[in-house]
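The values are calculated or read from the model by the stated rules, or taken from the named source; none is laboratory data. The structure displayed is predicted, hence computed values, not measured ones. Backbone-built Cβ (ideal geometry, glycine too); neighbour counts: all protein chains shown. These area figures cover heavy atoms from the full protein model, side chains too; ligands, DNA and RNA do not enter into them. Shrake-Rupley method; radii C 1.70, N 1.55, O 1.52, S 1.80 Å.
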Amino acid sequence: MKNGWKNTAGGLLALAAVLTAALLVFRGHWQEIRESLESVPLCGALALAALAAGYQLLESGVCASLVRVRLPGFSFRQAVEVTFLGVFGNVATFAVGSMPMQSLLLHKYGLSFGHGVGLLTVDYIFHKTSILLYATVMLLFQGTWLREACPDLSRYLLLGYGVCTAIVAALVLLCTWGRLEHLAVKLIGLLPETGKWPQRKEAWRTNLEALYTQSQHVLKDRARCGRILALNAMKLLSLYTAAWLSIWLLGAETPDFWQAQLLAALMLLISSALPNVAGVGPTEFAFLMLFARFMPYAQASAAMLLYRTATYFFPFAVSIAAALWVQRRQFSGFA
């Protein structure tokens, strides 16, 4: 936990640098953007916050369903704490400290570190798989409209699909194919035996074995897998509806609800394939690249700022309070 807090300042400075760059990009349209944002009613902003909160609560439901494989008494409140600690770690530590912080909290609740890392990785696999499935379903129903409206998007879609599919396929094979898991363990054994390498190798071996074990427990329970996929679909619906609502609140007539669902699904697919700093950069780029085709650039920029405030900055603000609460209640005795 302490290492995560030590990295907070660096993460926030990097985030501030990215936001400064974004403001410089928008400077020619800032007056129009400000006027658009000022037109948003309070009830609209609260609705966006509710959608963002719904996303995190549904993610907490996924977390609870997975952890209960090992800890049947794991409560939804505890899952909410783990989820928001992950949000905090993702921003404040460049995502490096997110899983260690979450696995440490799960350990306080009675789950071993290896099992915690394994279940969090399975959660990540379900999340990535759901992004692919949702985007695919949207394309099946609206692919013709997209090809006619944006014929030049194919290269970005191929990038997003290629990277996400490769990540999901590699992790799924690692979780389900025993020979690949044994091969990965053997390759780890070939690494150097000097310095900190022995500790790293042991941690990696433990995490790989835990990932394989936990994934077998989860994947054998088809009803649980169905619930997790359903929760992830609802979670993404909430997130993508926030993108549509951000546009609607600014008075834009296009795209309509389902078109916005498709564009938002492709936005997340594309942004998932690009490197980022503390979760910032690719999403903003993909949002403007897709939605600015259907409305003035200043209006699209205002919608993007509104969307990211609701789905990124608002959860992060809540996660700071949650992280402080968890630290005080669970880790106050840690040296």
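Structure summary
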| item | result |
| --- | --- |
| In the chain, lysine pairs closer than 19 Å at Cα, eight or more apart or cross-chain | 4 |
| Accessible surface of segment 285-331 [probe 1.4 Å, protein heavy atoms]: carbon and sulfur percent | 72 |
| Mean accessible surface per residue for segment 121-165, computed with a 1.4 Å probe while every protein chain stays in place, in Å² | 52 |
| Selection of trypsin sites (Lys or Arg not before Pro), segment 192-300, meeting DSSP coil and at most 10 other Cβ within 10 Å | 196, 220 |
| DSSP-assigned coil residues among GluC sites (Glu not before Pro) in segment 123-193, each with at most 15 further Cβ atoms within 10 Å | 193 |
| Rounded tilt (10° steps) of 42-67 against the dominant C-alpha axis of the chain | 20 |
| Extreme residue, positive dipole direction of the chain, given options 116, 285, 275 (C-beta unit charges) | 116 |
| Linear extension gain, residue 75 paired with residue 217, 0.36 nm per residue minus alpha-carbon span | 49.2 nm |
| ³J(HN,Hα) computed for each position of segment 241-247 - Karplus, 6.51 cos²θ - 1.76 cosθ + 1.60, integer Hz, glycine/proline x | 5, 4, 5, 5, 5, 4, 6 |
| Cα gyration tensor shape of segment 70-171, rounded if a/c is under 1.5, else prolate or oblate by comparing a/b with b/c | prolate |
| Overall Cα dimensions of segment 187-252 - principal axes, largest extent first, Å | 62, 33, 15 |
| Cα centre as origin, Lys/Arg/Asp/Glu Cβ charges: segment 60-164 dipole, Debye | 260 |
| Label-to-label distance, nm, for residues given as residue 182 and residue 144 (7 Å Cα→Cβ offset) | 5.2 |
| Residues of segment 195-215 with amide N under 18 Å of a point placed 7 Å along Cα→Cβ from residue 124 | 200-215 |
| Assigned charges on the beta-carbon of Lys, Arg, Asp, Glu; the chain dipole about Cα centre (debye) | 1180 |
| Between 0 and 90°, nearest 10: helix 282-291 axis offset from the chain longest Cα axis | 30 |
| Burial ranking of peptide ranges 68-80, 300-312 (average Cβ count within 10 Å, highest at the top) | 300-312, 68-80 |
| Residue-span extension gain [residue 136 to residue 292] - 0.36 nm each, minus C-alpha spacing | 53.9 nm |
| Nearest-0.05 FRET efficiency for residue 206 and residue 108, computed from C-beta distance (R0 25 Å) | 0.85 |
| Surface share of carbon and sulfur [accessible, 1.4 angstrom probe, percent] for segment 209-257 | 60 |
| Residue-averaged 222 nm ellipticity for the chain, from DSSP H runs of 4+ at -39500 (n - 2.57), nearest 500 | -26500 deg cm²/dmol |
| Under-5 Å amide H pairs with residue 280, H placed in peptide plane, nonlocal only | none |
| Rounded, prolate or oblate (a/c below 1.5 giving rounded, otherwise prolate when a/b exceeds b/c) for segment 270-311 by Cα gyration tensor | oblate |
